[in-house]
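Every read-out reported here was derived from the displayed coordinates using simple, explicitly stated rules and does not represent laboratory data. None of the values given here were measured: they were computed from a predicted structure. Ideal geometry is used to build each Cβ from the backbone, glycine not excepted, and the neighbour counts take in all protein chains shown.
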Amino acid sequence: MQPTPTSGSQTIRVLVADDTRIHTQLLADALRRDLQLEVISPPAQSRDLVAAVEAVNAAPEYMIGKRLVAEGKAIAAETLADISISMKQMV
């Protein structure tokens, strides 16, 4: 199936993540057919993907977390949960 052009010029970045690699790949391949979408490669383990940031009274950590989400960074859950590792070390 050929990519389909869409109206408008704004590109939408999409990160596809699922708990199985094959489902992630199949969906990413299908989405790549739309030329308006830019599909970002998922990490090897989707469960390690930083998908959201929750920070209360921690502006620097929030900003770093926001950057990790925007860049589609993969960080092991154990690393994120380890309070002895600073957020700055994760970027």
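Gain on full extension, evaluated as 0.36 nm per residue between Ile83 and Lys66 minus their Cα-Cα distance, stands at 4.3 nm.
Using per-residue counts of other Cβ atoms within 10 Å, averaged over each peptide, order 76-83, 17-24 from highest down. Don't jump to the answer; show the numbers that get you there.
On the way: 76-83: 10.4, 17-24: 12.9.
Packing proxy ranking, top to bottom: 17-24, 76-83.
The local environment of Leu31, defined by Cβ-Cβ distances under 13 Å, has a net charge of -1 under the rule Lys, Arg +1 and Asp, Glu -1.
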